[in-house]
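Colleague: I have a structure here, written as structure tokens, and I will follow up with some questions on it.
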Amino acid sequence: METHKVQVALIGSGLGALTAAALLAKAGLQVAVLEQNNYPGGCASSYKRKGFWFETGATTLVGLDPHMPLRYLLEQTGIQLPAIRLELPMQVRLTDGTLITRYPDLEAWITEAERVFGEAGQRAFWEECYQISQKVWRTSLRQLSFPFSSVGDLWEALKAVEWSQLGLVPKAFGTVRDLLRKHGLLENARFVAFVDQQLLITAQNHHPEVNVLFGATALCYTLYGNYYVPGGLRKLSEGLVQYLEEHQGEMLYRRVVRQIVPQPAGAYLLDTDKGPVQAEFVVCGLPLNNVHQLFQHAPTSAKLQRYLLPPDQVNGALTWGLVFERTSTTPDLLHHQLHVPGKVPLLGSDSIFVSLSHPDDALRAPKGLCVASVSTHVARPQEQWIEEKQELEKWVVQFLAAQGFFHEDQVRFVQAATPGAWLEWTGRAWGQVGGYPQYQRIKPWQMKDARLDGKKAYLCGDTVYPGQGIPGVCLSGIIAAHKLLRDHFKDKVQLLHQ
Ligand SMILES: Cc1cc2nc3c(=O)[nH]c(=O)nc-3n(C[C@H](O)[C@H](O)[C@H](O)COP(=O)(O)OP(=O)(O)OC[C@H]3O[C@@H](n4cnc5c(N)ncnc54)[C@H](O)[C@@H]3O)c2cc1C
């Protein structure tokens with residue numbers, strides 16, 4: 001079979017890899033994205049069933065404010081994303097029925113938090129979190145050489161440093177538990193339960209484990225612009241694909257990469273199910289556990305070992321797609337975290353996350369109908385191979401009907417997808433979702449940086465720095481593209497303004 005030759009092969013079309021691909025294409029490199037599926041976007045995409053568009057995984061979108069990665073990407077490429085800014089980003093319903101509105105304005109949010117959790121400590125806690133989150137966002141795009149893996153990285157960092165931002169460094173040693181203790185909130189069990197469920201959807205772990213820098217930023221997610229994309233999040237990856245195709249890029253769908261073999265002359269040979277691909281550069285946009293498998297006979301594999309997390313330390317997800325007729329009690333607000341009294345049956349998770357299609361979004365569902373994407377975490381996905389899909393479909397309908405989302409007899413469609421389905425859709429090891437959870441022992445600079453082998457292979461995606469979520473993987477793609485260009489095409493870096 002003839003070998004297909006490309007300059008840069010990007011593996012996977014998640015938003016990390018597509019970001020890197022778009023920036024490299026902008027700099028004039030010839031890129032090809034190899035995707036096992038027949039559509040782009042990975043965990044942040046949409047699929048059509050029965051005439052409705054469902055989100056595959058991600059539903060909330062931030063990152064478009066100043067100093068944020070998605071804004072940078074759109075400005076660099078000129079891609080127009082038809083996004084609607086949400087007036088109210090999210091509501092949370094506690095097990096006792098208390099409804100909490102996560103207002104986007106800090107003052108309004110503090111007043112709400114004090115109403116629900118008592119005045120003690122709330123203002124100081126949220127003001128500190130917000131201040132940290134602002135510094136983190138401002139620093140992230142200035143420090144594209146972080147985490148450092150060369151002297152050049154350090155030099156770049158020194159040139160870009162703002163001394164006020166050095167105040168962030170000590171915070172990297174603490175956890176959200178320390179922050180709660182500092183503000184006298186650790187004994188406030190109701191508040192801690194709220195914080196834990198919010199952290200789980202944004203940092204994949206609970207307060208004793210989540211680093212302050214990530215945790216504070218994650219908890220302030222709703223204090224930044226939250227957006228809805230009519231038609232579904234696929235519009236984001238589709239915009240990037242169109243940009244690539246207009247810049248001599250190639251999308252190779254239904255192309256499973258099975259192995260990557262570094263060649264003595266410096267290139268890489270990719271063994272794919274549709275024949276070999278030779279690339280001068282490789283950018284892997286897959287979880288580290290997958291990348292480790294792809295390099296199985298190369299020294300790179302051994303070097304990656306220390307970054308790998310075993311299956312009992314990552315999360316899977318169970319997702320439901322529903323279509324129902326809107327009623328007078330269907331909430332106008334789109335995103336809801338619902339704490340579940342007595343936990344979700346069969347799974348043992350404490351909350352579900354419900355995202356509704358916008359009432360005016362005729363691209364996803366005709367007027368009067370609503371598409372809901374519901375998800376919950378599944379701990380130890382390798383062990384929990386859930387078979388009882390129908391039981392869970394019945395449960396979600398009854399639970400949401402009891403919460404006033406719809407009447408049970410107005411549900412037109414319901415379908416659950418297990419961690420097994422995730423494994424099939426995304427190819428991610430054990431169907432793991434949302435990247436690596438935050439663990440206390442892992443500091444930001446101990447996360448894997450974008451250089452994979454110190455040669456011509458690079459990494460991005462939600463298991464490398466800075467981790468999960470659309471803004472996180474977008475930043476990882478920006479970092480991978482910048483490092484590749486700085487290492488090998490210094491003259492082209494200036495084509496991307498910082
Ligand atoms: C249920 C759920 C809800 C979420 N909610 C949100 C949210 O509301 N907001 C938010 O910001 N984030 C959310 N996230 C997280 C976010 O979606 C992910 O962190 C992010 O999209 C991951 O992007 P990635 O670049 O790491 O690649 P991935 O999305 O993992 O994409 C990897 C791609 O590689 C392909 N692939 C895998 N193996 C191979 C191979 N061998 N050869 C070729 N192709 C291959 C896959 O098919 C896939 O398309 C959610 C995730 C899940 C699962």
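Colleague: Given the criterion away from the ligand (no atom under 12 Å from the Cβ), more than 19 Å from Gly12 (Cβ to Cβ), aliphatic (A, V, I, L, M) and surrounded by fewer than 19 Cβ atoms within 10 Å (Cβ to Cβ), identify the matching residue among Leu495, Leu485.
Modeller: Selected residue: Leu495, the only one of Leu495, Leu485 that is away from the ligand (no atom under 12 Å from the Cβ), more than 19 Å from Gly12 (Cβ to Cβ), aliphatic (A, V, I, L, M) and surrounded by fewer than 19 Cβ atoms within 10 Å (Cβ to Cβ).
Colleague: Let me ask something additional. Only one residue in Gly57, Gly16 is surrounded by 17 or more Cβ atoms within 10 Å (Cβ to Cβ), near the ligand (Cβ under 10 Å from one of its atoms) and within 18 Å of Tyr243 (Cα to Cα), so which one is that?
Modeller: Gly16
Colleague: In addition: Which of the residues that make up region 368-382 are away from the ligand (no atom under 13 Å from the Cβ) and in a loop (DSSP other than H, G, I, E, B)?
Modeller: Across region 368-382, the qualifying residues are Gly368, Arg380, Gln382.
Colleague: Continuing with the same structure: Assuming Tyr224 fulfils every condition listed in (1) over 17 Å from the mean Cα position of the chain (by Cα); (2) in contact (Cβ under 8 Å) with a residue 24 or more places away in the chain apart from one, which condition is it?
Modeller: (1)
Colleague: Quick one: is Pro299 modelled with pLDDT under 95 and either closer than 21 Å to Glu424 by Cα or more than 16 Å from the ligand (Cβ to nearest atom) (or both)?
Modeller: When the stated conditions are applied, Pro299 passes them.
Residues checked against (1) out of contact with any strand residue (DSSP E or B) (no Cβ under 6 Å at 6 or more places or on another chain); (2) surrounded by fewer than 18 Cβ atoms within 10 Å (Cβ to Cβ); (3) at pLDDT 95 or above:
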| site | (1), (2), (3) |
| --- | --- |
| Leu392 | no, no, yes |
| Phe399 | yes, no, yes |
| Arg412 | no, yes, yes |
| Trp425 | yes, no, no |
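Colleague: Of all residues in region 445-478, how many are under 15 Å from Leu144 (Cα atoms) and polar (S, T, N, Q)?
Modeller: Qualifying residue count for the region: 1.
Colleague: Does Lys274 satisfy the condition of being within 17 Å of the chain's Cα centre (by Cα) and surrounded by fewer than 23 Cβ atoms within 10 Å (Cβ to Cβ)?
Modeller: Judged against the criteria, Lys274 is not a match.
Colleague: Considering Gln440, Gln468, which residue is part of a loop (DSSP other than H, G, I, E, B), near the ligand (Cβ under 10 Å from one of its atoms), of a type outside the set (A, V, I, L, M) and touching a residue at least 12 places away in the same chain (Cβ under 8 Å)?
Modeller: When all the criteria are applied, what remains is Gln468.
Colleague: Scan region 162-179 for residues that are closer than 25 Å to Val92 by Cα, within 25 Å of the chain's Cα centre (by Cα) and assigned to a helix (DSSP H, G or I) and jot them down.
Modeller: Val176, Arg177, Leu179
Colleague: Let me ask you something else. Please specify each residue of region 33-54 satisfying the condition of being of a type in the set (Gly, Ala, Ser), buried (at least 22 other Cβ atoms within 10 Å of the Cβ) and more than 7 Å from the ligand (Cβ to nearest atom).
Modeller: Of everything in region 33-54, those that are of a type in the set (Gly, Ala, Ser), buried (at least 22 other Cβ atoms within 10 Å of the Cβ) and more than 7 Å from the ligand (Cβ to nearest atom) turn out to be Ser45, Ser46.
Colleague: Any residue that is at pLDDT below 95, closer than 30 Å to Asp196 by Cα, within 16 Å of the ligand (Cβ to nearest atom) and in contact with a Leu (Cβ under 7 Å, 6 or more places away or on another chain) - is there at least one of those in region 312-324?
Modeller: yes
Colleague: Quick check on this structure: which one of Val229, Val195 is away from the ligand (no atom under 15 Å from the Cβ), β-branched (Val, Ile, Thr), touching a residue at least 24 places away in the same chain (Cβ under 8 Å) and over 30 Å from Asp453 (Cβ atoms)?
Modeller: Val195
Colleague: Moving on to the next point. Checking Trp385 against (1) more than 29 Å from Val195 (Cα to Cα); (2) among the aromatic types (Phe, Trp, Tyr); (3) in a loop (DSSP other than H, G, I, E, B), only one condition comes out false. Which one?
Modeller: (1)
Colleague: Return the pairs, sorted by first residue and then second, in which the second residue is of a type in the set (Asp, Glu), the first residue lies in region 250-264 and is within 11 Å of the ligand (Cβ to nearest atom), the beta carbons are less than 6 Å apart, and the residues are 6+ apart or on different chains.
Modeller: Tyr253/Glu35; Val256/Asp273; Arg258/Asp271; Gln259/Asp271
The values are calculated or read from the model by the stated rules, or taken from the named source; none is laboratory data. All values derive from a computational prediction rather than experimental measurement. Backbone-built Cβ (ideal geometry, glycine too); neighbour counts: all protein chains shown.
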